[in-house]
Structures are given as C-alpha cells and as structure tokens.
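Throughout, read-outs are computed from the coordinates displayed, never taken from laboratory work. These numbers come from a predicted model, not from an experiment. Don't worry about glycine lacking a Cβ; one is built from the backbone with ideal geometry, like all the others, and counts go over all protein chains shown.
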Amino acid sequence: MNNDIIFLVQSRVLKIAKKDLGRKLGDKTIKVCIFGTYRSNYTRHQVLMARMKQAGMEVLECHEDLWMNDEERVQAASGGWLRIGFLWRVLQTYLRLIKKYFSQVSEYDVMVIGYPGTFDVFIGRLLTWFRRKPLVWDIYLSIYLISLERGLKQKSRFTFACLHWAEKTSSRLPDRLLLETNAYIGWYSNHYRLPEERFRWAPLGADDSFVRQTAHLVSQQNDHLVLFYGTFHPNSGILHIVEAARLLHNHPNIRFELIGKGPDLPEVHLLVGEYRLKNVLLVDWMEKTNLVEKISRADLCLGSFGTTKQSFISVHNKIYESMAMGKAVITGDSPAVREAMQHEVHIYLVERGNPQAIADAILKLIDDVSLREKLAANGFDLFTSRFTNQILGAQLNEYFTELMIGRNRAES
C-alpha cells in the first residue's frame, strides 16, 4: 500500500483516539527511553534522535558500548563470539546497562531499542514488562541478511544459525517494529512469518539540520565531479562504479571521487591500479562538515548499484542526503526506491550490476543540463516535503501515541 495512504489512514484514526488519550493523560510530553548497545555514532541513530527532539519528545538515553569497531562485529558473526574473553565482556556490558537503567532512568512512556539491538530486545522486553511500558525495536537492517550476503554462513554455520534464531525470536517480542521501506517490511514479514500490522514505515532520510546549510553552493570546478561516498561492499556496488569509470576514462572532463572504506576497498585499489584510472580519486572517510562541502561541489551523486537482496529493499542515506543538498542522483533501480521516487522526475534509475548503464547515465546527465537541474530541484522538493526530520518526527510521534493509547485502554 502507498505510504501516503497508510500515513493518512493512521493519522485520521489517531486524531480521534488522541482526544480520548488527552482526557486521560493530559498534554504531557512523550518521554522516550532509547535503550541498548546501539551504535551511537551511526547515521540511523543520530537521525532518529534529531527527529524525536524536533517532534518535542523528551529523550532519555540508556546506552553502553559493546563493540570496539566494525571488524570486531564481523569476527563475532564469524564465530569469534565463542571466546571466553568476549563473552565475559558481553556480560559486564549488560550488567552495566541494567544498572544504569535502574539508577538513571525514572519514568518514560515508550522504550526504543536502537540499531542493531538484536540481543538488547530480550532485556528491553523484560524491563518494559516490569514497568508496563510499550517496546519499539528500530530494526533498520536485518543482521541475518547482512551476514548472509557477506558470506559469514560459510565461516561458522553454528553462529549463523544462532543469529537467525535470535533475530527471529527477538522480532516477536516488541509491540512495534520499525523498518525503512515497505519492500523491507514485506521481506521481513514474509521471512519470519510476522503480521505486517506489527511494522511501521520509518525511512532513513537525512539529518537535514546540517546538509541543507549549503544545499545550493555552486561548484567552481571547470570539469564534472561524480561523487560516491559510503561503505565499500557488494550492497553499494562499488566495483560496478569503478568499471563505469573505466568505460569513461576517455572523457577527461569527468572525474570520480570515491569516499569511504570497507571490505571491497582492497579490490577497488587493485582495479584502479590495474586499469590505470587517472579519472578516479580514492579518499578515506571524512568528517561530516568536509563531506557536506564535497557533496555541495559535485555535479552528480551516485547511490547504490549492488544486486544483493538488501540492495533491492533498502534506500541508502547518501540518496536522501544528496537530494537534500539539491544534487541530481543516479542509483540502481529497485522497488524500494520506486516507493517514493520516479525515474527522470526525482532521480535517475539504471539497471543494477550494469557498469555500462551507469556510464551511459552519467554521460546523459552531464550533457543534458536541464534534466540534471530538473532532477536536482525535484529531488530537493521531494525531500523537503516528505523526508525532513520535522515531518518524520511527527510520524514517530503518531506511532508512539498509538502505542500509548493501546496501553492506556488495556489498563483501564
């Protein structure tokens, strides 16, 4: 079902129900407890925090770091979690987290488990049952699906089976589950045999509090900058972008900057060297302020072009961020992208896994300035009308209010 229709129906139902809630609870601010070992510096978490605060919610964080880095997460998912030292650290982390909850978290209306949170849900459910509060899990991405696509099943089948069981079981515990697209909701619901009524649409969007500051900065470059930034892995299709750069190496006015790192970085370096690509500059990850300036000077921004299952059912944050900065975006076609965006209206879509299609799209948009400006303007308008923190924060407010209404009625 179309997201606009879903949101409209939910809003009308909640407007009626809010009157009843208002009489019983008054006009108090919704207090949200963000709980778990979530990645506090991750874009998803920062965006959700900004949305809730802009919606007028009071946010209480109850957080403990568990993971040292991405490499450690991969090692654990590959079977490394069976080490005594690691298990002891996990136990200590959760003991500190529970202690912090009882000593620092007083009253709240809704608990939200942040991404990834697969194991945090078990503890969060016990704590919310004790206080009779609703529980929401921001799944965002399936850890099982990520592990499957990165080949971790072959490294430790036992670990992979445990991870699948944990995600399946934890998904049945919360009152609501948040996912970023309807395509993702459909896959998750079907895979774990969960009713779609348990899910709510919560797109990634972008932290517009900083990206819109330089949305219309004009590039001073004489050549054309094609920009990609993000994690170098199969989901993003970074190797297809390198191949597209090879196809365009005879166009000296087109240069690529690929910003980021990840498991495919060694192969990217290998291909750039093998092809002797003078039109490709590889840049390590950079701070947000520098990244914003880099995006503002790009002529075209690239999304994702991978052919994994996850790439078809998710929409990368770089797409929203580039739109928010008034940039034309080229990305791989998928049902998830088409939920909100139209080809050659808001965005330019190409066949996934096809370097020639990427190269052709770049040439077309470089040559057709009017189409490039149209995509940039329409994409910016789409973002500001549907995906700002203010708009999506109000939507979260609706979701949480719905849960509070249900809890209030159950206890009355």
- Name the shape class, rounded, prolate or oblate, that the alpha-carbon gyration tensor gives for region 208-386, where a ≥ b ≥ c are the square roots of its eigenvalues, rounded holds for a/c under 1.5, and otherwise prolate holds if a/b is larger than b/c and oblate otherwise. rounded
- Message: Per residue of region 223-228, what does 6.51 cos²θ - 1.76 cosθ + 1.60 with θ = phi - 60° give for ³J(HN,Hα)? Whole Hz please, x for Gly and Pro, Karplus curve as stated.
- Response: 9, 10, 9, 10, 10, 10
- Item | Prolate/oblate/rounded call for region 308-362, Cα gyration tensor, a/c under 1.5 rounded | oblate
- Compute the length gained on full extension between residue 369 and residue 88: take 0.36 nm times their separation in residues and subtract their Cα-Cα distance, giving the result in nm to one decimal. 95.3 nm
- Where the only charges are on Cβ atoms (+1 Lys, Arg; -1 Asp, Glu), what is the dipole of region 293-412 about its Cα centre, to the nearest 20 debye? 240 debye
- Message: Taking θ = phi - 60°, what integer Hz values does the Karplus form 6.51 cos²θ - 1.76 cosθ + 1.60 yield along region 115-129, in sequence order, with x for Gly and Pro?
- Response: 5, x, x, 4, 8, 5, 4, 4, 6, x, 5, 5, 5, 6, 5
- Message: With unit charges on the beta carbons (Lys and Arg positive, Asp and Glu negative) and the dipole taken about the Cα centre of the chain, which residue among 403, 204, 231 sits farthest to the positive side?
- Response: 403
- Item | Proxy reagent accessibility, fewest Cβ within 10 Å first, across 201, 137, 67, 88 | 88, 67, 201, 137
- Task: Working from Cα positions, state the angle (0 to 90°, nearest 10) between the long axis of helix 3-25 and the longest principal axis of the chain.
- Result: 30 degrees
- Task: For an R0 of 22 angstrom, estimate the FRET efficiency from the Cβ-Cβ distance between residue 394 and residue 46 and round to the nearest 0.05.
- Result: 0.75
- Task: Please work out whether region 217-321 counts as rounded, prolate or oblate from its C-alpha gyration tensor, where a ≥ b ≥ c are the square roots of the eigenvalues and a/c under 1.5 means rounded, while otherwise a/b larger than b/c means prolate and anything else oblate?
- Result: oblate
- Dipole magnitude of region 92-161 about its Cα centre (Cβ charges: Lys, Arg +1; Asp, Glu -1), debye to nearest 20: 300 debye
- FRET efficiency for residue 294 and residue 129 from the Cβ-Cβ distance with R0 = 41 Å, rounded to 0.05, comes out at 0.30
- the chain: relative contact order as a whole-number percent, Cα under 8 Å and 6+ apart: 17 percent
- With +1 at each Lys and Arg Cβ and -1 at each Asp and Glu Cβ, the charge dipole magnitude of region 208-386 around its Cα centre, to the nearest 20 debye, comes out at 140 debye
- Message: 7 Å from Cα along Cα→Cβ at both residue 269 and residue 409: what's the point-to-point distance in nm?
- Response: 5.9 nm
- Message: Among 184, 229, 275, which one shows the highest mean-square fluctuation when the chain is modelled as a Gaussian network with alpha-carbon springs under 10 Å?
- Response: 275
- Message: Once you keep just the Cα pairs under 8 angstrom separated by 6 or more residues, what percentage relative contact order results for region 252-384?
- Response: 21 percent
- Pairing the Cα long axis of helix 389-411 with the longest principal axis of the chain, what angle in degrees results, from 0 to 90 and rounded to the nearest 10? 20 degrees
- Note on the structure: Checked against a 19 Å limit on the C-alpha separation, the offending pairs among 288/309; 261/288; 100/168 are 288/309; 100/168
- Message: Helix-only mean residue ellipticity at 222 nm, the chain, DSSP H runs n ≥ 4 weighted -39,500 (n - 2.57), per residue, nearest 500. What is it?
- Response: -16000 deg cm²/dmol
- Tilt, helix 43-54 to longest principal axis of the chain (alpha-carbon atoms), in degrees rounded to tens, equals 60 degrees
- Query: Out of 46, 92, 390, any idea which swings most in a Gaussian network model of the chain, alpha carbons joined below 10 Å?
  - Reply: 92
- Query: Residue farthest toward the positive end of the dipole of the chain, with Cβ of Lys/Arg at +1 and Asp/Glu at -1: which of 256, 194, 312?
  - Reply: 194
- Using r as the Cβ-Cβ distance of residue 338 and residue 223, and R0 as 35 Å, what FRET efficiency do you calculate, to the nearest 0.05? 0.65
